[in-house]
Amino acid sequence: MNKIIITGNGQGRYQQEVSIGRHQLLADEPESLGGDDSGPSPMEFVLTGLGACTAITLRMYAERKDLNLTQVSVA
């Protein structure tokens, strides 16, 4: 698993730089909670992880069962 580093970058009240291996992302809170909405909130990151895991699991299952699955979308 890649090393994950979260660091406040001083660019906003809650803005955080997120480094996941070679990937660089921003996390922030929405304006309604005092942030700048410069990136997904921590809860949105959690939900994104769960949604991606669900979609990937469905894809893997379909491949193992030789099912013709053209697209998976999780909302």
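The values are calculated or read from the model by the stated rules, or taken from the named source; none is laboratory data. Keep in mind that this is a model prediction, so the values were computed, not measured. The area values use the complete protein model at the heavy-atom level, side chains included, leaving out ligands, DNA and RNA. Shrake-Rupley method; radii C 1.70, N 1.55, O 1.52, S 1.80 Å.
Mind pulling the angle between the C-alpha long axis of helix 42-64 and the longest principal axis of the chain? Nearest 10 degrees, somewhere in 0 to 90.
10 degrees
For the stretch 28-37, just list the computed ³J(HN,Hα) in residue order, Karplus coefficients 6.51, -1.76 and 1.60, θ = phi - 60°, integers in Hz, with x standing in for Gly and Pro.
Running phi through 6.51 cos²θ - 1.76 cosθ + 1.60 with θ = phi - 60° gives 7, 9, x, 4, 5, 10, x, x, 9, 6 Hz.
For the chain, give the percent of accessible area contributed by carbon and sulfur heavy atoms, probe 1.4 Å, rounded to a whole number.
On the chain, the fraction of accessible area on carbon and sulfur atoms equals 55 percent.
Most mobile of 35, 51, 21 per a Gaussian network model of the chain (Cα springs, under 10 Å)?
21
Can you give the log10 of the normalised intensity I(q)/I(0) at q = 0.14 Å⁻¹, computed with Debye over equal Cα scatterers of the chain?
Log10 I(q)/I(0), no solvent term: -0.59.
For the chain, report the accessible area per residue in Å² (1.4 Å probe, heavy atoms, rounded to an integer).
Counting only protein heavy atoms, the per-residue value for the chain is 81 Å².
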